[in-house]
Structures are given as structure tokens and as C-alpha cells.
Amino acid sequence: MARSSVARFKSRLDSTESFDRRWEAPYITPPFRAAPRITLVLRKRERSLNVPKMKTNSAAAKRFKVTGTGKVRRGKAGLSHFMRGKSASRRRKLRKNGIVSASHQHHIERLMPYAF
């Protein structure tokens, strides 16, 4: 004797004691509760202890690189136009990178705090 799906469903429900009787139909599911929202309340004292992140100056990051010994490498000026007026040896020297002088290096260190 085959039992109907509703009868099978009700027999399963009788075995579970925590079922709410309002939801007896097999196609209706009991409502689910949403997870409780957790709100974090920060006190003013704790908020002031957080140090803001330092930002790297993106223009400086494109123009300068730090060498393995900690010196700052830079490109040389004078290669953008008027090439006919410059000798080949002068243009060749301009293609090489220069090093930022020690008196200016601390300015670059402020612009790029995480490069050193």
C-alpha cells in the first residue's frame, strides 16, 4: 500500500518535535530568521588611537626609483625636444639615469614613505 507524499511528509514531521504546526503543507517552508546584525561601537578614545595611513605621491612614484643601496634614481632632463642642437655624446649621456643628491633625498623620502 503506497502512502501519499503528504502522508510521508506528515510522518516525518511527527518525528520532529520542534516543527511549528502552522506550516504543515509540504510545499510551504517555515520562515527563516535573518542572522542578527552585529554592530561595532567604537569609543572616541579607541578611534583616536588609529593612525591614518601615509599615501605615496603617485607622481613621485612614477619619476623616482630606489636602488638597492638606498639611493634615489631619477631621469635626466633635456631629452624631449631640440635633439639636432645636441651632440650624439650629449644625448647618450642624457639617456642614462641620474642620482638625486643627498641634500634633496629627504624630500623624496617624504613623498614615497614605503619605498625605503
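A short reminder: the numbers here are calculations on the coordinates, not readings from a lab. Predicted, not measured: the structure shown is a model, and the values here were computed from it. With ideal geometry, Cβ positions are generated from the backbone for all residues, glycine too; neighbour counts draw on all protein chains shown.
Observations on the structure shown:
- Estimated from the Cβ-Cβ distance and a Förster radius of 25 angstrom, the FRET efficiency linking Lys53 and His81 is about 0.05.
- Checked against a 30 Å cut-off, the cross-linked pairs Lys53/Lys93; Lys53/Lys76; Lys55/Lys76; Lys55/Lys86 give Cα-Cα distances beyond that limit for Lys53/Lys93; Lys53/Lys76; Lys55/Lys86.
- Summed side-chain charge close to Phe116 - residues other than Phe116 whose Cβ falls under 12 Å, Lys, Arg +1, Asp, Glu -1: +2
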